[in-house]
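Step one of this worksheet: look at the structure below.
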Amino acid sequence: DLTSSNSLDAISCFQESVARLFDSRQHWHEIFPEQATTLLTEDEPLLRKIAARIVETLPRLAQLPREVCHFDLHPHNILVRSEKLAAFVDVDSLQINRRALAIAFSTFKLVRQHAVHLGLALCDKDEIAEAAADFVGAIREGVELLPAELESLEDLAMFEVFRRILIITDLNIVSRDI
């Protein structure tokens, strides 16, 4: 992951996890529940495309600034007093990492929660995209991001989501010793 101080290690770990996932393809039906196997199989070309894009962009993403970030930002983990930020809750989610990565992943999570709250389905892509654009616009107004960070938000969100998928798939694959 991008938390590693050595970006070459991060790239190597990501590539190894991706290879482990696709190398175990013939065993997916034994490793994962039926629904997960179906999703992986149907989305395999897209997953391969995204993985290749991430590997290509990781060296650039690893160069982004690092600072203390909260990786579980949502309204329940933010305390406000007199309409100002007073504190963050869930200090276990604090880590030194790329702030743009934390913002990108928080955007993904909050937009997803917003879409679910509104009852939007995956087919409501325009409304979901509008909500994401509104959220990113609010971030642009409230957080000073470097141009490289702003340009990388989509890649960072894809990386973090894919990384979390790989953590789960790796645990399943390794525990099956395939």
Taking region 41-82 only, how many residues are closer than 18 Å to PHE14 by Cα and acidic (Asp, Glu)? 2
Find all pairs meeting these conditions: Cβ atoms under 6 angstrom apart; at least six residues apart or on different chains; first residue within region 111-139 and among the acidic types (Asp, Glu); second residue open to solvent by 40 Å² or more (accessible area, probe 1.4 Å). none
Search result, residues across region 75-102 that are open to solvent by 30 Å² or more (accessible area, probe 1.4 Å) and not in a strand (DSSP E or B): PRO75, HIS76, SER82, GLU83, VAL89, ASP90, VAL91, ASP92, ARG99
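Among the residues of region 119-128 satisfying the criterion of being in a helix (DSSP H, G or I) and modelled with pLDDT under 80, which is farthest from PHE71 (Cα to Cα)? First the steps, then the outcome.
Of all residues in region 119-128, those in a helix (DSSP H, G or I) come to 125-128.
Now drop any that are not modelled with pLDDT under 80, which leaves 125, 128.
Numbers: LYS125: 25, ILE128: 22 Å.
Here the residue is LYS125.
The values are calculated or read from the model by the stated rules, or taken from the named source; none is laboratory data. What you are looking at is a predicted structure, and each value in this text was computed from that prediction instead of being measured. Quick reminder, even Gly has a Cβ in these numbers, built from the backbone with ideal geometry, and neighbours come from all protein chains shown. Please note that ligands, DNA and RNA were not included when accessible areas were found on the heavy atoms of the full protein model with its side chains. Shrake-Rupley method; radii C 1.70, N 1.55, O 1.52, S 1.80 Å.
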